[in-house]
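Data block below; observations after.
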Amino acid sequence: MLIRVLGGFLMALADSVPGVSGGTIAFLMGIYDEFIGSLNNIVSKDKEKRKAAVLFLVKLGSGWIIGMAMASIIINQIFEKHIYNISSLFIGFVLFAMPIIIMEEKDLNYFRVKTECTVELSDGALAKKKIEELILATSYTEAEMLVNEIISSLNRTQFGSVNYEIIKTKISDVLFNDTLVQEQTVKGFYCNYFEEDENTGVGLYMVKVMFLTLDERTGKEKKTIEDFYVPALSNADANDKINTHLKKTMSDFVIRDTKFDKAEAIYWPLDVHKRKVENFELS
């Protein structure tokens, strides 16, 4: 709890300094994505997520109010005598954060997007539909921008409002292969999705893999678990594809679990998609 209150407190102090953003402080404290996610979940239909979002924002807001009150009462007096020192301090925070932000932005992560919208059935009736998709992006913000573009381009608001949730995953990699038969481009991202056929097992499968390595320092065996996602026809087909893919790495591994995933589409940046296609064609 204290880290959330402290985060809000420091954000308020930063906001009180001209030219400095509280968002920078949130990023440095590692609560920026949680802050953005909570703002989104505050209108979620899931009571647990909405409750967690409210609790987080209350803690953060409490710290912010305390910080802003102190800033207006105490810090303003300090500013009168030490304006250049205080401003330099916060500008230093910003300059310190810049390389961290740049490094963070270079890291691509898979985000799971859960969307609920209203669709028209074949008989003309309207019904709620839940859609799950994966997006490879540099940040929550970039993923959210793409989600809004997807909602607009696919006209998902045609029959009512759309609710969505964005979750950062720990997926190690999503493989590309010819099971992904349909594709389209959306705002600089390449989308692959599956033919809708409930009579087949075509789709995305999560394969949990345990890698076995030798710790050179202790001489003991080290076990690492990673999740790979692979388009396939069945559990067995997914395992075969993962085995073929990982044998190229010359690593010792064991498949621990395989199961069907609900994601219907995968969005990759254009350069990443091009590289995956080229690697698949060469394999």
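The values are calculated or read from the model by the stated rules, or taken from the named source; none is laboratory data. Bear in mind that the values here come from a model prediction, so they are computed numbers and not experimental data. A quick note on method: Cβ atoms are made from the backbone with ideal geometry, for glycine too, and the neighbour counts reach across all protein chains shown.
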Considering Phe90, Phe79, which residue is buried (at least 17 other Cβ atoms within 10 Å of the Cβ), modelled with pLDDT under 70, more than 29 Å from the chain's Cα centre (by Cα) and not aliphatic (A, V, I, L, M)? Phe79
Scan segment 264-282 and give yes if some residue there is of a type in the set (A, V, I, L, M) and in contact with a helix residue (DSSP H, G or I) (Cβ under 7 Å, 6 or more places away or on another chain), otherwise no. no
Would you confirm whether any residue within segment 171-188 is assigned to a strand (DSSP E or B) and either basic (Lys, Arg) or more than 23 Å from Ala137 (Cα to Cα) (or both)? no
Mind telling me which of the residues Lys274, Lys222 ends up being assigned by TED's automatic domain parsing to the domain that holds Tyr140, part of a helix (DSSP H, G or I) and not small (Gly, Ala, Ser)? Lys274
Look at segment 121-150 and say how many of its residues are assigned to a strand (DSSP E or B) and touching a helix residue (DSSP H, G or I) at 6+ places or on another chain (Cβ under 8 Å). 4
Scope segment 123-163; condition of a type in the set (Phe, Trp, Tyr) and closer than 16 Å to Tyr267 by Cα; matching residues: Tyr140
